[in-house]
């Protein structure tokens, strides 16, 4: 799963062929997002697609103002509210997630949402990469604990920060 998330980032640095590979991967991710919108009878507007493409092209998470800046660099001038509205629609469609701790967003790479339950987000403090790990049993345990103390939790996702294998291996070499 982590390999899927970093494949585009690694191929991007591999030169012209890597750029072409990354473009194909990004196009596939955008197509899956378009399908998710269609399944939910939502509109995948050009602006939503542009915002999603910027998020999906990022290995880790990205903030709304960085998205705005990237789009501006490409000639699309927008008000911040336009980006935030697109982000809200992308979250509603389930194609991106928000990292609460960083107030940033990343593209969902899991295709089995709903079948394996909710994920935990593993966020690397070194490189910023994010991986989704199925963790429904943990959420079930939280619900049980909450019930035992007559508490109603509002946990949608959990975040765990740490160091990914690539960064840990790189640090060992240095």
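All of the numbers you see were taken from the coordinates with simple rules; none came from a lab. Quick caveat: nothing in here was measured; it's all calculated off a predicted structure. All Cβ positions, even for glycine, are placed from backbone atoms using ideal geometry, and neighbour counts span all protein chains on display.
Values for this structure:
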{"quantity": "Two-site label geometry, residue 172 and residue 38: point separation in nm, points 7 Å out along Cα→Cβ", "calculated": "4.5"}
{"quantity": "Inter-label distance, nm, simple model (7 Å from Cα along the C-beta direction), residue 24/residue 147", "calculated": "4.8"}
{"quantity": "Kirkwood Rh in Å, taken over all unlike Cα pairs in the stretch 119-173", "calculated": "12.9"}
{"quantity": "Most to least packed among 29-40, 152-163 [average Cβ atoms within 10 Å]", "calculated": "29-40, 152-163"}
{"quantity": "Segments 132-140, 56-64 sorted - mean Cβ within 10 Å per residue, highest first", "calculated": "56-64, 132-140"}
